[in-house]
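A quick write-up on the structure given underneath.
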Amino acid sequence: MSKVIITYITCVALLLFFFGYVAMPMLQYAEGWKTFYYDSDYFSMMLSSYGVSGCIKAFFLQFFAHPWQGIAVMTLLMIQFMAIVNCILLRFKKNFSVCIVSAIICLVSTISITSWLGSISPRYLLGFGSESEKKQVVYMRLSNYTRHQQWDDIIALCNENTPVINLLHQNCLNMALAEKELLGDKLLDQPLHDITSIYVNNIQNAEVAGLLSDVYFSFGHIAQSQRYAFETNEKMYNLSPRMLQRLVETNLIFGQKEVADKYLLILSKSLYYKDWKPSEKLIAGKRKCIFDDNRFSGIKGLDDDLLHIARNTRGTRQCKVTLQYLGSLYILAGYDSLFVKMADEFSGSEDLSKPMPKYFQSYYNLLTKK
């Protein structure tokens with residue numbers, strides 16, 4: 001009996017390690033795009049579009065809205081599965097080897113189920129993933145950190161995987177640096193391509209559009225953030241909790257409370273988002289970003305939009321973040337005269353210190369021969 005107990009304890013330890021360290025980033029990432037809603041219309045749609053397996057997948061992914069609860073649920077599930085397999089095998093042979101075989105079946109099944117839930121190959125989960133798969137998982141981790149505004153964790157992860165040459169990784173890193181008001185000091189520390197290192201323009205899939213929603217929200221460009229959140233959510237059958245949260249935020253910023261309430265109603269039918277409410281401080285701060293001339297966003301160029309956002313938010317943290325982006329985009333795009341004008345307008349204020357951030361100051365000195 002003691003050997004059986006030791007086997008179960010070992011299996012639990014392996015499962016906790018696997019779900020907590022290996023699988024959690026993929027499952028947490030997947031939950032952002034698909035969770036479970038306790039609603040008959042949702043259930044009918046899922047059955048018709050994805051079948052029973054799709055409903056089951058969404059049901060288990062929902063628990064990773066709080067990762068450690070997801071880990072606990074999946075570990076308990078797999079241990080119960082192991083116990084059932086063990087009972088079935090004991091009908092044919094009653095010795096300790098049956099428990100070992102049950103544990104092996106449990107662990108193999110765990111890898112298969114996780115691969116299915118997280119849309120990642122079993123090869124990666126076993127430690128034999130290709131370079132592209134490894135980059136994919138790094139991006140999933142960066143995306144999770146972005147969702148929860150864990151800027152220090154993004155910077156630390158990128159420091160572990162230097163040089164950062166993947167455009168999506170660079171977008172996440174530069175967003176974190178801007179939010180920490182460090183982009184002007186760190187801009188050229190990595191081998192950047194061009195302005196696409198700040199925001200990608202090749203939208204390969206809905207998840208990349210979701211990243212752009214995050215980037216534009218960080219810019220303070222609420223209209224574009226809302227646009228990409230809406231397009232992404234549409235591709236996710238209007239059920240991505242991550243994008244629904246962003247649509248609530250952006251609509252409240254624009255004063256569209258009734259539209260925001262529509263999205264909140266959908267979230268209220270989930271297990272983990274039913275009581276979620278956006279930060280009033282965040283909404284109030286981002287509301288200052290809205291253009292006062294009611295222009296069509298982007299009609300005069302993104303740089304002009306960002307300049308107006310910076311002017312509208314003077315004296316706030318958002319202005320500092322927006323100027324980090326604007327100065328960096330000017331440098332990467334080679335807009336020399338516009339960079340000098342921006343620096344002259346804001347330098348020395350609380351929004352853009354004097355001396356300016358390292359790369360801003362050196363670029364300004366080069367252009368003005370100071």
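Treating only the Cβ of Lys, Arg, Asp and Glu as charged (+1, +1, -1, -1), what charge dipole size does region 207-280 show about its Cα centre? Round to the nearest 20 debye.
140 debye
In whole Å, what is the distance between the alpha-carbon centres of region 221-264 and region 117-154?
Between the Cα centre of region 221-264 and that of region 117-154, the gap is 25 Å.
At 0.36 nm per residue, and after removing the present C-alpha to C-alpha distance, how many nm does the segment from L188 to D275 gain when stretched out fully?
Using 0.36 nm per residue and subtracting the Cα-Cα distance, I get 27.1 nm.
Towards the positive end of the charge dipole of region 1-115, with charges on Cβ (+1 Lys, Arg; -1 Asp, Glu), say which of G20, L77, F96 has the farthest Cα.
Positive-end residue among those listed: F96.
Here are some pairs, K180/K281; K286/K358; K277/K320; K288/K369; K235/K277; K57/K93; which of them have Cα atoms lying more than 29 Å apart in this structure?
Distance filter (> 29 Å) returns K288/K369; K57/K93.
Let me know the charge dipole size of region 270-370 about its Cα centre in debye, to the nearest 20, where only the beta-carbon of Lys, Arg (+1) and Asp, Glu (-1) is charged.
Around 280 debye, computed over region 270-370.
What trypsin sites (Lys or Arg not before Pro) does region 87-178 have in DSSP loop regions with at most 10 other beta carbons within 10 Å?
When the trypsin sites (Lys or Arg not before Pro) of region 87-178 are filtered for loop state and at most 10 Cβ neighbours within 10 Å, R91, K93, K94 remain.
Mind giving me the nanometre distance, one decimal, between the label points for D153 and V73, set 7 Å out from Cα along Cα→Cβ?
So the two model labels end up 1.9 nm from each other.
Leaving ligands, DNA and RNA out of it, rank S213, S49 by accessible area with a 1.4 Å probe, largest first.
Correct descending sequence by accessible area is S49, S213.
Per 0.36 nm of contour for each residue apart, how much would the distance between Y237 and S130 grow if the chain were fully extended, relative to their Cα-Cα spacing?
35.4 nm
With the cut-off at 1.5 for a/c, could you classify region 189-310 from its C-alpha gyration tensor as rounded, prolate or oblate?
oblate
Could you sort F43, F18 by accessible area so the largest value comes first, with the probe set to 1.4 Å?
Result of the area sort, largest leading: F43, F18.
In nm, to one decimal, how far is the I100 label point from the S121 one, both placed 7 Å along Cα→Cβ?
Those two pseudo-labels are separated by 3.1 nm.
Who wins for biggest fluctuation among L338, L187, L15 in a Gaussian network model of the chain, springs between alpha carbons below 10 Å?
L338
Please give me the summed charge of the neighbours of N233: other residues whose Cβ is under 9 Å from its Cβ, Lys and Arg +1, Asp and Glu -1.
Net charge in that neighbourhood comes out at +1.
Considering only Y50, V321, V340, whose Cα is most displaced toward the positive end of the charge dipole of the chain, charges sitting on Cβ of Lys, Arg (+1) and Asp, Glu (-1)?
Of the listed residues, the answer is Y50.
Normalise the Cα radius of gyration of region 234-370 by 2.2 N^0.38 Å (N = residues in it) and let me know the number.
1.32
What dipole magnitude, in Debye to the nearest 20, does the chain give about its Cα centre under +1 on Lys/Arg Cβ and -1 on Asp/Glu Cβ?
For this selection, approximately 920 debye.
With θ taken as phi - 60° and the coefficients 6.51, -1.76 and 1.60, list the Karplus ³J(HN,Hα) couplings across region 109-119 in order, rounded to whole Hz; mark glycine and proline as x.
5, 4, 5, 5, 5, 5, 4, 5, 5, x, 6
Label-point separation (nm) for D336 and F43, each offset 7 Å from Cα along Cα-to-Cβ?
6.7 nm
Please work out which option in [x] 1.06; [y] 0.96; [z] 1.02 gives Rg/Rh (Cα atoms, Kirkwood Rh) calculated from these coordinates, and answer with its label.
[x]
The values are calculated or read from the model by the stated rules, or taken from the named source; none is laboratory data. These numbers come from a predicted model, not from an experiment. So basically every Cβ, Gly included, is an ideal-geometry build from the backbone, and we count neighbours across all protein chains shown. Accessible surface areas use protein heavy atoms only, side chains included; no ligands, DNA or RNA. Shrake-Rupley method; radii C 1.70, N 1.55, O 1.52, S 1.80 Å.
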